[in-house]
Structures are given as C-alpha cells and as structure tokens.
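Asker: Please find one structure pasted underneath; my questions will follow.
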Amino acid sequence: MTPMTDLMINLENFPEIIGKEFASSTGPVVVVDDDPQQRQILGACYRKSNCSRDIIFFKSGEEFLDWAGHASTSKESMPSILLLDINMPELDGFEVLQLLRQEASSIHLPNVVMLTTSSFQDDIDRAKGLGANGFWPKPMAIKDYITFFNTLNLATVAIATDS
C-alpha cells in the first residue's frame with residue numbers, strides 16, 4: 001500500500017481508520033477550523049446526519065488546546081474524534097497535532113483526522129508521521145459531509161456490535 005492509501009479516508013475504510021476505541025468512547029466530535037463558513041457548513045451537515053454525539057467547534061488550535069488541557073483535568077469528556085484543519089493561522093493543524101502527541105501522557109488522544117483542501121503527498125506523509133489516524137480532503141459537495149457523518153454513526157454501530 002502506498003502512504004496515501006493507508007491514511008486517506010474514503011467512506012469504505014473509515015470504520016477501520018477510527019477503530020474500536022471510537023465506538024467505546026462517549027466523547028463529542030470536535031472540529032477545529034478557523035474558517036467560520038466551514039464551521040457553519042460542518043454544523044449544518046452534522047445536524048442533518050444521523051450522528052447523535054455532541055459536536056464542539058473551535059476556531060483555532062490554541063482555543064482547542066486550552067479546552068483539551070482543561071478537559072483532561074476535569075470530568076469533561078475528551079473527544080471521540082478530532083477533525084483538525086491543517087491550514088490555520090497561528091498554530092496550524094500539524095503544530096496542534098504535534099503538541100497533542102507531546103502531551104499524550106496527560107491528554108487522552110482521540111482519533112485525529114486531518115481536514116484539508118490539500119491532497120499533496122507531503123502533507124499526507126507529514127500527517128502520518130505526526131500520528132494522524134486519517135487524512136480527508138474537504139469535500140466540495142454538502143452531501144459528502146452528511147455521508148461522512150452518517151458513516152461515523154454507522155461505524156460506531158458496526159464496531160460496537162462486532163465486539
């Protein structure tokens with residue numbers, strides 16, 4: 001398998017990528033994206049999907065890291081999956097992921113899926129090297145986001161019943 005195929009998400013391999021840990025988690029879906037329009041689109045698509053977990057949005061890597069640091073020391077649920085935009089000002093998604101992995105002993109890490117407009121092999125390789133579980137180029141069609149979230153819900157059911 002090429003590096004691209006074993007990290008790149010498609011709807012068929014998504015349950016394998018997120019794994020059983022996701023199904024056993026009760027934490028929210030967390031999205032970190034600096035683009036308010038993307039957050040609005042993702043939120044609308046999430047509400048139209050069958051996914052029933054809470055969803056939390058952060059507009060920057062710094063805002064998310066502050067929350068994650070607090071959540072790890074409180075009774076707040078850590079995310080079951082983190083959808084992390086790569087191209088952000090201040091801390092980009094790669095830097096956020098690197099900081100998360102460095103703090104792995106104190107912050108329980110969720111499945112991390114890099115969201116991006118890029119499909120460059122260098123970005124995919126860098127994401128994999130930093131420990132991302134998946135790499136998903138942002139879709140152009142709204143229905144693809146809804147299908148993505150529905151697949152997230154189906155993956156939870158399928159993985160839970162396999163156990």
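Asker: What are the residue pairs meeting all of these: first residue in the stretch 26-43, first residue modelled with pLDDT of 95 or more, second residue small (Gly, Ala, Ser), Cβ atoms under 8 Å, and 6 or more apart or on different chains?
Answerer: Once the first residue is modelled with pLDDT of 95 or more and sits in the stretch 26-43, its partners that are small (Gly, Ala, Ser) give VAL32/SER60; VAL32/GLY61; VAL32/GLY93; ASP34/SER60.
Asker: Can you tell me which condition SER118 does not meet? The list is (1) within 14 Å of the chain's Cα centre (by Cα); (2) modelled with pLDDT under 85, and all the others hold.
Answerer: Only one criterion is unmet by SER118, namely (1).
Asker: Condition test on PHE22, is it hydrophobic (A, V, I, L, M, F, W, C), at pLDDT 95 or above and outside any loop (DSSP other than H, G, I, E, B)?
Answerer: no
The values are calculated or read from the model by the stated rules, or taken from the named source; none is laboratory data. Keep in mind it's a predicted model, so treat the numbers as computed, not measured. For neighbour counting, all protein chains shown are included, and Cβ atoms are generated from backbone atoms with ideal geometry for every residue, glycine included.
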